[in-house]
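Enquirer: Encoded as structure tokens, here's the structure I'll be asking about.
Please treat every number below as a calculation from the coordinates, not as lab data. What you are looking at is a predicted structure, and each value in this text was computed from that prediction instead of being measured. Every residue, glycine among them, receives a Cβ derived from its backbone with ideal geometry; neighbour counts consider all protein chains shown.
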């Protein structure tokens with residue numbers, strides 16, 4: 001590829017990235033209905049002409065933000081699952097990693113806000129991931145049962161739902177309290193509670209909190 005073409009391609013990628021970042025900031029601070037394309041172009045400091053070259057309308061921006069959210073969350077999942085840790089440690093690592101991501105990534109925050117708003121028509125791209133994460137969590141819990149870090153009497157389907165309900169609950173409270181900044185600490189506070197519910201009586205403790213006694 002000629003040098004000039006390569007430079008233009010790099011500028012185009014940088015402009016698109018700046019627009020997605022700006023859209024995340026806009027959708028994180030206002031509703032989809034309130035947001036205007038002008039808000040995004042001004043936040044990105046990109047001309048309307050350049051903006052329309054990459055995104056034709058507001059829905060295109062929203063879908064790009066939702067795609068970024070899931071891509072970044074899957075990166076956290078890939079990092080956690082590639083480790084040699086036990087299933088229980090991976091489960092807590094996933095919760096902690098996602099908590100840190102949500103607290104720090106404004107595009108992920110924008111995606112979360114978009115997913116929770118009534119009246120938006122993004123189809124399964126906004127709702128399906130919540131149920132997919134239940135399946136992901138169940139897979140990790142099953143791994144923990146096999147490696148002995150999670151109690152073999154645990155119903156993995158039931159507790160994968162409970163884990164996600166607790167995580168989403170902490171996420172909602174953190175958003176209301178301080179725009180997700182306290183989410184990592186809230187997740188850390190949940191870990192001893194979850195360990196008492198999930199851990200095998202014979203496994204090494206992940207936290208310093210005593211477990212329930214073995215029956």
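Enquirer: Using only Cα atoms, locate the centre of segment 99-177 and the centre of segment 54-96, then give the distance between them in Å, rounded to an integer.
Expert: For segment 99-177 versus segment 54-96, the Cα centre distance is 11 Å.
Enquirer: Compute the whole-percent fraction of alpha carbon pairs in segment 109-204 spaced more than 24 Å apart.
Expert: That fraction is 32 percent.
Enquirer: Taking the highest mean first, how do the peptides 132-143, 168-179 order by number of other beta carbon atoms within 10 angstrom per residue?
Expert: Going from most to least packed, we get 132-143, 168-179.
Enquirer: Also, quick follow-up: Got a sec? How would 159, 52 order by Cβ neighbour count within 10 Å, fewest to most?
Expert: Exposure proxy ranking, most exposed first: 52, 159.
Enquirer: Right, another one. Please list 16-22, 147-153 highest first by mean number of surrounding beta-carbon atoms within 10 Å per residue.
Expert: 16-22, 147-153
Enquirer: Write down Rg/Rh for the chain, rounded to two decimals, with Rg from the C-alpha atoms and Rh from the Kirkwood relation over Cα pairs.
Expert: 1.07
Enquirer: Quote the relative contact order of the chain in percent (integer), defining contacts as alpha-carbon pairs under 8 Å separated by 6+ residues.
Expert: Normalised by residue count, the contact order of the chain is 21 percent.
Enquirer: In addition: Is the shape of segment 1-118 rounded, prolate or oblate, going by the alpha carbon gyration tensor and its root eigenvalues a ≥ b ≥ c, with a/c under 1.5 for rounded and a/b larger than b/c for prolate?
Expert: Oblate is the answer for segment 1-118, as a/c is 1.5 or above yet b/c matches or exceeds a/b.
Enquirer: Sticking with this one: Is it possible to state the helix-based mean residue ellipticity at 222 nm for the chain, with each DSSP H run of 4+ residues giving -39500 (n - 2.57), the sum divided by total residues, to the nearest 500 deg cm²/dmol? What is it?
Expert: -24500 deg cm²/dmol, from helical runs alone.
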